[in-house]
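Q: Before anything else, here's the structure in question.
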Amino acid sequence: MLYSLADKWKMSPAKVYKILNSTGILDNYIIKCYDVLHTQGKECLVEDITDYVREKGVNI
């Protein structure tokens, strides 16, 4: 997922990780809901996480 988001956001996977970690999305959404998220398509998840990051006030 990090690499897919990095491609979409045009940034390094390390920077994507920092954004997801600092906003709490990594622990409170991706890891916590992994079983459910794992059943969705990659494109859907990329859009969902992108929207969530923007709701957290991060400009990507």
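The values are calculated or read from the model by the stated rules, or taken from the named source; none is laboratory data. Just so we're clear, the structure is a prediction, and the values are computed from it rather than from any experiment. As a convention, Cβ positions derive from the backbone with ideal geometry for all residues, glycine included, and neighbour counts pool all protein chains shown. Ligands, DNA and RNA are stripped out before the accessible areas are found, and what is left, the full protein with its side chains, is counted by its heavy atoms. Shrake-Rupley method; radii C 1.70, N 1.55, O 1.52, S 1.80 Å.
Q: How many lysine pairs are close in the chain, with Cα atoms under 17 Å apart and the two 8 or more places apart or on different chains?
A: 6
Q: Sticking with this one: For the chain, with all protein chains present and a 1.4 Å probe, just round the carbon and sulfur fraction of the accessible area to a whole percent.
A: Here it works out to 52 percent.
Q: Not counting ligands, DNA or RNA, and with a 1.4 Å probe, what is LEU37's accessible surface area in Å² rounded to the nearest 10?
A: Answer for LEU37: close to 20 Å² accessible.
Q: Quick one: Debye curve from the C-alpha atoms of the range 20-60, no solvent, what's log10 I(q)/I(0) at q = 0.21, 0.34 Å⁻¹?
A: -0.64, -1.20
Q: Do any trypsin sites (Lys or Arg not before Pro) in the range 1-59 lie in a DSSP loop with no more than 13 other beta carbon atoms within 10 Å, and if so, which?
A: Answer in residue order: LYS10, LYS32, LYS56.
Q: Tell me, what is the percent relative contact order of the chain, built from C-alpha pairs under 8 Å that lie six or more residues apart?
A: After rounding, I find 37 percent.
Q: For the chain, modelled as a GNM with alpha-carbon contacts under 10 angstrom, which of VAL36, VAL16, VAL46 fluctuates the most?
A: Result: VAL36 has the largest fluctuation of those listed.
Q: Quick check for you: with a 1.4 Å probe and neighbouring chains kept, what is the accessible area per residue of the chain, in Å²?
A: That works out to 69 Å² per residue.
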